[in-house]
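The block underneath contains the structure these notes are about, expressed in structure tokens.
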Amino acid sequence: MTKRILVLGGTTEAAGLARRIDEAFRPRAGAILSLAGRTRAPRPQPVATRSGGFGGAAGLADYLRRENIALVVDATHPFAAAMSASAREACARTGIPRLQWMRPPWTIPEQAKVAWAGTLAEAAAMLPSLSRAAFLSVGGRGLIAFAQIPNLRLVARAVERPENLPSGVELVIGRPPFTVAEEKALFRTRGVDTLVARESGGTGFAKIEAASDLGLDILLIRRPPPEPGDKAATYDAALSWIADRI
Ligand code: NAP
């Protein structure tokens, strides 16, 4: 019987990993890619996909038992802390092995002018003393933290128009990945002096490089600590963890 591997996704890496699991292990094992269901038009994926929340850790534990899931790979975004906590708890309850995908942190260029914030709210409080016009790369749902900051022009990028776009925020629709040249052109045309971003790691580094090259201030939000347990930062390491367990 094919072993079912649940890949908690919503990221480019999760989709890539699900595809590689199918390539490496079918028919012995196959991936099911799980999406939160927030993006109205997600990219079509060449793997089995499910969509929507599970109903917390208890709901996920029920799903894992019902669907006879053998392994869970949590490849959600580093800031999707609620889903990762649920995965840890549900796997602990059911005894199903769990691997957490870890995006390697960025190596910030030495010349970059970086300030750090612990949370989006802290970043919003720091911003007026740093900036007259800031580019926000904080996810659609993170924008609300930047509502009602006086004397500050805000440009935000999101994959789709966010439901609660704060008034006055200029919106740029864009789906990653972006090149350094594209990011530089965007920062120049929008006339921003500061980049606000979450320290997500991975391919989003182009914006950091672009901002650093242009001498912009960079305000980074620290990522939440990862859940305890097994971790992999490359496709090879993740596939080898899976191979040892199926
Ligand atoms: P979150 O706060 O950790 O999750 C909130 C709730 O959404 C979870 O409790 C869960 O609902 C549901 N959920 C999240 N990821 C899911 C998944 N892969 N499959 C099924 N249900 C999921 O997460 P978030 O920050 O809202 O992010 C939502 C999704 O967008 C994640 O899949 C994440 O990988 C992706 N994403 C997030 C960011 C970001 O900046 N946070 C950026 C890029 C992509 P239940 O409790 O009902 O199970």
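One chain, two ends: M126 and Q148. Fully extended at 0.36 nm per residue, the span grows by 6.6 nm beyond their Cα-Cα distance.
Summing charges over all other residues whose Cβ lies under 14 Å from the Cβ of G201, with Lys and Arg as +1 and Asp and Glu as -1, gives +3. A cut-off under 10 angstrom between Cβ atoms defines the neighbours of N68, and their net charge, with Lys, Arg +1 and Asp, Glu -1, is +3.
The stretch between A181 and A115 holds 21.4 nm of extra length on full extension. This uses 0.36 nm per residue minus the Cα-Cα distance.
Straight-line reach from K184: which aspartates and glutamates have Cα under 17 Å away, leaving out those fewer than 8 places along the same chain? Here the aspartates and glutamates satisfying the reach criterion relative to K184 are D193, E209, D213, D217. Evaluated over the Cα positions of segment 95-168, the convex hull gives a direction-averaged projected area, one quarter of its surface, of 7.8 nm². At 7 Å along Cα-to-Cβ for each site, give me the label-to-label distance between K3 and R190 in nm. Inter-label distance under the simple model: 4.4 nm.
Starting from segment 84-141, pick out the GluC sites (Glu not before Pro) whose DSSP state is loop and whose Cβ has at most 10 other Cβ atoms within 10 Å.
Of the GluC sites (Glu not before Pro), the ones in loops of segment 84-141 whose Cβ has at most 10 other Cβ atoms within 10 Å are E110.
Spatial offset of segment 157-230 relative to segment 16-62 amounts to 26 Å, using the alpha carbon center of each.
When each pair of different Cα atoms in the chain is counted once in the 1/r mean, what is the Kirkwood radius in angstroms, to one decimal? So the Kirkwood estimate lands at 19.2 Å.
Where a ≥ b ≥ c are the square roots of the eigenvalues of the C-alpha gyration tensor, would you call segment 86-132 rounded, which needs a/c under 1.5, or, failing that, prolate if a/b is larger than b/c, or oblate? Oblate, because a/c is 1.5 or more while a/b does not exceed b/c.
Using only alpha carbons, segment 1-131 has a radius of gyration to Kirkwood radius ratio (Rg to Rh) of 1.07. A crude spin-label estimate for the pair V159 and A85, with each label 7 Å from Cα along the Cβ direction, gives 2.3 nm.
Take the Cα of D62, step 7 Å toward its Cβ, do the same at A243, and the gap between the two points is 3.8 nm. So which trypsin sites (Lys or Arg not before Pro) in segment 1-64 end up in coil per DSSP with only 10 or fewer other C-beta atoms within 10 Å? Within segment 1-64, the qualifying trypsin sites (Lys or Arg not before Pro) (loop, at most 10 other Cβ atoms within 10 Å) are R40.
Computed from the coordinates by the stated procedures, all read-outs in this text should not be read as laboratory data. Since we're looking at a predicted model, the values are computed, not measured. Ideal geometry is used to build each Cβ from the backbone, glycine not excepted, and the neighbour counts take in all protein chains shown.
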